[in-house]
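Notes follow the structure.
The values are calculated or read from the model by the stated rules, or taken from the named source; none is laboratory data. Model, not experiment: these values are computed from the prediction. Reconstructed Cβ throughout: ideal geometry from the backbone, glycine too, with neighbour counts over all protein chains shown.
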Amino acid sequence: MNLPLRANDEEDDAMRERRCIVRGEVMPDSGLIRFVVAPDGTLTPDLAATLPGRGIWLGADAASLATAVKKNLFARAAKAPVTVPADLAARIEMLLVSRMQADLGLARRSGQLLLGFDTVLKAIQSDNPPQVLVEASDGAADGKRKLFGAAHARGLKIEVIECLTTSEISLAVGRENVIHAALKSGRLQERLSTDAIRLSGFRSVPAVSHESDE
């Protein structure tokens, strides 16, 4: 949502501290979500961290959001009354899914995304294996175990993104019933990984980086 924001509230990006208003700790961007306050006082998530205005940073998980709302921390950080939409958690989840789908679609169109069990397995066994596996959260466990096992057998450390459903991945890449995908390192992979970490805070299936196991 592109809302006009208070022009006199701009921050100096170079000096900005990304401090979670719930934990009180400075944390990496990948684990935080930035919010800004629109002129009408409505709290707006700024997932790309590009909207003008004073940023309010919060740990990217539903529990932190609930705590911030309950304790009125957004208004305290903004030093002004703030209206928090009742569906804010659901809105953040939807925006994160949309961002990830857009990046998967871009990776597909640019030839950076591998799709399907056989294609991904072959890539894992190649001299230039992928950096990330994208596995549908509702996909069968057997195929996932085989891919993890193949990576483990080669001693590969691989990031596993497992917070999107089959239908969400399929819609993003324009193919039916996509359960397994893979992506090599690069800007798209980094952005996808960051959003997966954030989305995992609002969904029960996490995005985990680990050494593949059998």
*Looking at the range 169-178, is at least one residue crowded, with 20+ Cβ neighbours inside 10 Å, in contact with a strand residue (DSSP E or B) (Cβ under 8 Å, 6 or more places away or on another chain) and not in a loop (DSSP other than H, G, I, E, B)?*
yes
*Considering only the range 67-104, how many residues are on the phi > 0 side of the Ramachandran plot and in a helix (DSSP H, G or I)?*
0
*Could you tell me which numbered condition M1 fails, if it satisfies all but one of (1) outside the structural domain of R76 (by TED's automatic domain parsing); (2) at pLDDT 95 or above?*
(2)
*asked:* It is to be established whether one or more residues within the range 55-64 are out of contact with any Gly (no Cβ under 9 Å at 6 or more places or on another chain) and surrounded by fewer than 20 Cβ atoms within 10 Å (Cβ to Cβ).
replied: no
*Please go through the range 133-179 and pick out each residue that is more than 17 Å from V97 (Cα to Cα), in contact with a helix residue (DSSP H, G or I) (Cβ under 8 Å, 6 or more places away or on another chain) and in contact (Cβ under 8 Å) with a residue 60 or more places away in the chain.*
L147, A150, A151
*Quick one: count up the residues across the range 180-189 that are touching a helix residue (DSSP H, G or I) at 6+ places or on another chain (Cβ under 6 Å) and in a helix (DSSP H, G or I).*
1
*Working only within the range 106-116, note down all residues that are part of a helix (DSSP H, G or I) and surrounded by 15 or more Cβ atoms within 10 Å (Cβ to Cβ).*
L106, A107, R108
